[in-house]
Structures are given as C-alpha cells and as structure tokens.
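What follows is a set of notes on a single structure, which appears directly below.
The values are calculated or read from the model by the stated rules, or taken from the named source; none is laboratory data. As the structure is a computational prediction, the values presented were derived from the model and not from experiment. Please note: Cβ atoms are built from the backbone with ideal geometry, for glycine as well, and neighbour counts cover all protein chains shown.
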C-alpha cells in the first residue's frame, strides 16, 4: 500500500519537486456534452483509494472500483467517454491500466510499471504520461499505445516533468516542469516540431501545475501554489496565444486549503477542481463557471476526493 500521507503532501504542493511523485490522471477536455465527473476517493477508514463518478449536479454518486488491497488513482476519460485510464498499485502488476466506463474489463498497459499520470490521445489509441527510468529518477514525458507498443520518449531533461495532457486536436502536449529558481512552470510541446514553449513564467516559490486544455484548444486551466502566505494561489485560466491569465478561485485567507487539479468541462462552460485540506484530512470536488462565478460543491463528508475528470458524451 502506498504512503498516502506522502501522496497527499505531494499533490498539495502542486507538483513540488519530487522524483517519486505518484500520479494518475487528469485528461484533456475533449469536446462534447458534459457527462459524469470521475475522481479518486479515500477516507480514514480505508487508505486505499478507489475511483468514483458523480453527476455534475452532485447526484448519482457511483463507485467504479472496489479493491480492498489495490490502489486505483487519478482517473482520466477517453475522448469518446467510453474508457478510463488510471494508475493501479497493489493488484499484482503495478502500472497504467485502462478499463471500461463502468469499471469493467481492466487491462494493464504493458511496459508502464513505474509510470504515472496517463492522459488519452484524441483518437483513443495512445496515452501520454509521466515515465520513470527508476524510483529515484525525475520523471520525463512519454507516449505509448494502450496495447503497449509505439513507445516514444518526448522529453529528456534533468528536471522533473509531470502531469502531461494531450491537446484536443492531438498536435500538442502541455505539462509542468520544475524550474531552476525553485518552482514549476507550464510548457507546451509541439509534437510535429518537438519545439517546447513555456507558457507561464518561472518564479521562485511558485508552482504552476495540473494543466488541462479547453475543448477548443485555445486556453488552459491550471492550479498555482505560492509558497509562504499562499497569496496568489488558486485555479487560473490562461489564453495560450497571449499569455493572459485570470484567476477563477482562491483559497480563503487563514484556511489551509488548496484549490487544485482543475479540469475543463467538455462543453467549455465549467471547470471542475478539488479543494483539499493542507494535511490531507479531507478533500471535496467543486465546479465553477469559467468566468469564476457559480462556485458549487459536489462532494461532502469525511473523505478525501481529488483529481476530477469530466466525461465527454
């Protein structure tokens, strides 16, 4: 069983520099109608996380995986909304897995034993993910077919690179990269030219992470964590062409809460995200309109809900 306290601490730091960041998914917001929101849940009674889904109204909570000895982490919907990718630990063979939308038919992606945080290609044939050469080696970004073939290493640096997401048109991948000044920034990789373009600035003590594309591929939503007072932290929206940034949510002053793991809705009107306590004692899923209004809590109780992803239908 993984060290859940360490998992939470890493998540809350929003990609804090760590070579062993455990991750599973938050996938691209592929265009479509808004379906169910998948997320990861664990609680004090069971430190083993499972995958749940819920309607965007907050109704219809459904548990997809029931695995007393298996950790199912960070679900990501395929573009067709018919499959989910995730990381599974403790089920005999650790690694990236895919399953049907109802949790049936789980199958491991060969060659991914150490790898984390998968996100789907638009055609549903491949995954992009964090790849690890060893347990104490910083992550690079790789792609692989769900059948195990077609492996390509997309980045190879000494910096930790995490949380990759394929653009809805399949031409780019965005991810977070640790910076030399102490923090992380978002980088967009053009898959045709392999040219990398930073889209947020490297600032000491500021961690930009967990990006997700808008359905039309023109914007990103991401989380920002600022070390110290936390002022300037929250969920942000960024226009890729201009670099213009707008904050959608902000943690309340004096409360040790982190707004993180944002994902766009398939219709482009909403963002789902997690509000997680600093010590990981609870976490809940929220939605907010892309103009920052209509902030709504979907999940409640003595649970830790994180890493939402929105199903396109």
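Going through (1) surrounded by fewer than 17 Cβ atoms within 10 Å (Cβ to Cβ); (2) farther than 29 Å from residue 60 by Cβ; (3) modelled with pLDDT of 95 or more one by one, residue 93 falls short only on (3).
I need the full set of residues from region 158-170 which are assigned to a loop (DSSP other than H, G, I, E, B) and touching a residue at least 24 places away in the same chain (Cβ under 8 Å), in order please. Break it down stepwise before answering.
So in region 158-170, the residues assigned to a loop (DSSP other than H, G, I, E, B) come out as 158-160, 167-170.
Those that are assigned to a loop (DSSP other than H, G, I, E, B) and touching a residue at least 24 places away in the same chain (Cβ under 8 Å): 160, 167, 168, 169, 170.
When region 90-102 is filtered for residues that are closer than 27 Å to residue 264 by Cα and either assigned to a strand (DSSP E or B) or more than 19 Å from the chain's Cα centre (by Cα) (or both), the ones remaining, listed by number, are 95, 96, 97, 98, 99, 100, 102. How many residues does region 31-50 contain that are farther than 30 Å from residue 216 by Cβ and under 19 Å from the mean Cα position of the chain (by Cα)? Final tally of qualifying residues: 5. If you check 197, 155 for being at negative phi, surrounded by fewer than 24 Cβ atoms within 10 Å (Cβ to Cβ), at pLDDT 95 or above and not in a strand (DSSP E or B), only one passes: 155. Only one of (1) in contact (Cβ under 8 Å) with a residue 24 or more places away in the chain; (2) over 15 Å from the mean Cα position of the chain (by Cα); (3) over 24 Å from residue 141 (Cβ atoms) is not met by residue 83, so which one is it? (3) is the only condition that residue 83 fails.
Table: residues versus (1) touching a residue at least 40 places away in the same chain (Cβ under 8 Å); (2) outside any strand (DSSP E or B); (3) under 16 Å from the mean Cα position of the chain (by Cα).
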{"site": "176", "(1), (2), (3)": "yes, no, yes"}
{"site": "185", "(1), (2), (3)": "no, no, yes"}
{"site": "216", "(1), (2), (3)": "yes, yes, no"}
{"site": "224", "(1), (2), (3)": "yes, no, yes"}
{"site": "230", "(1), (2), (3)": "no, yes, no"}
{"site": "235", "(1), (2), (3)": "yes, no, yes"}
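Screening region 62-84 for residues that are in contact with a strand residue (DSSP E or B) (Cβ under 6 Å, 6 or more places away or on another chain) and surrounded by fewer than 16 Cβ atoms within 10 Å (Cβ to Cβ) and picking the one that is farthest from residue 295 (Cα to Cα) gives 63. Of all residues in region 238-251, one or more are closer than 20 Å to residue 166 by Cα, touching a residue at least 12 places away in the same chain (Cβ under 8 Å), buried (at least 17 other Cβ atoms within 10 Å of the Cβ) and under 20 Å from the mean Cα position of the chain (by Cα).
Restricting the search to region 252-274, which residues are outside any loop (DSSP other than H, G, I, E, B) and without any contact (Cβ under 8 Å) to a residue 24 or more places away in the chain? Result: 257, single match. For region 237-251, filtering for residues that are touching a strand residue (DSSP E or B) at 6+ places or on another chain (Cβ under 8 Å) and not in a strand (DSSP E or B) leaves 4.
If the condition is being surrounded by fewer than 24 Cβ atoms within 10 Å (Cβ to Cβ) and assigned to a strand (DSSP E or B), then region 109-140 contributes 126, 140.
If I ask for residues that are in a strand (DSSP E or B) and closer than 16 Å to residue 49 by Cβ, which ones from region 278-313 would you list?
Selection gives 283, 284, 285, 303, 304, 305, 306, 307, 308, 309.
Here the condition is being part of a loop (DSSP other than H, G, I, E, B) and in contact with a strand residue (DSSP E or B) (Cβ under 8 Å, 6 or more places away or on another chain); of 202, 192, it holds for 202 alone. Scanning region 141-151 for residues being in a strand (DSSP E or B) and either under 22 Å from residue 212 (Cβ atoms) or at pLDDT below 95 (or both) gives a total of 4.
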